[in-house]
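See structure below.
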Amino acid sequence: MKDILKVRNGSSPTPTFVSVVFLFVLVFSISCRKGMSPSSRGAMEPSPQPSLPLGVSIKTYHGVGTIQEVDRKKNAIKIDHEEITGYMPAMSMDYHPHDPALLDAVKVGDRIEFTLEDMAGIATITEIKKR
Ligand SMILES: [Cu+2]
């Protein structure tokens with residue numbers, strides 16, 4: 001392979017450097033593919049920081065509603081909310097707060113404004129304000 005590259009890059013001043021880079025890229029891409037293969041032996045290294053898969057983005061929305069239930073055990077809050085523009089129609093549903101401490105500041109019957117983040121269809125409440 002080196003010979004082929006040398007011939008191809010015969011006029012180049014640094015044919016060795018080029019082939020080294022080429023080999024490095026080749027090896028890297030092969031090991032990368034191996035690492036991502038599901039058939040590789042077990043999950044050797046759990047990824048330390050979960051990164052977003054390509055194409056997944058977080059969108060932020062704002063809603064207004066009334067708290068119907070606060071469930072600290074399930075870390076859930078049921079909100080009867082008005083239409084959230086661009087996200088969902090008015091309904092009553094459970095949400096999970098990003099930080100469980102958000103539940104401490106509110107109680108059933110409170111009229112609130114809330115901020116939620118949607119990632120791949122999963123909504124998480126990041127902020128709650130009493131109205
Ligand atoms: Cu909803």
Projected onto the charge dipole of region 52-128 (unit charges on the beta-carbon of Lys, Arg, Asp and Glu, signs +1, +1, -1, -1), the Cα from 102, 86, 114 with the largest positive-side position is that of 102
Under the 7 Å Cα-to-Cβ spin-label approximation, residue 122 and residue 64 lie apart by a distance in nanometres of 3.1
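Using +1 on the beta carbon of Lys and Arg, -1 on that of Asp and Glu, and nothing else charged, what's the dipole of region 58-130 about the Cα centre, debye to 20?
On the way: 9 positive and 13 negative charges, 39 e Å.
In debye, rounded to 20, region 58-130 gives about 180.
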Filtering GluC sites (Glu not before Pro) in region 62-131 by DSSP loop and by at most 15 other Cβ atoms within 10 Å leaves 82, 83
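Sorting 61, 95 on the 10 Å Cβ count, fewest up front, what's the list? Spell out each step's value before the answer.
Values: 61 15, 95 20.
Ascending number of Cβ neighbours within 10 Å: 61, 95.
Every number here is computed from the coordinates shown, using simple stated rules; none is lab data. Just so it is clear, the model here is predicted, and its values are computed rather than measured. Cβ coordinates were reconstructed from backbone atoms using ideal geometry, including for glycine residues, and neighbour counts include every protein chain displayed.
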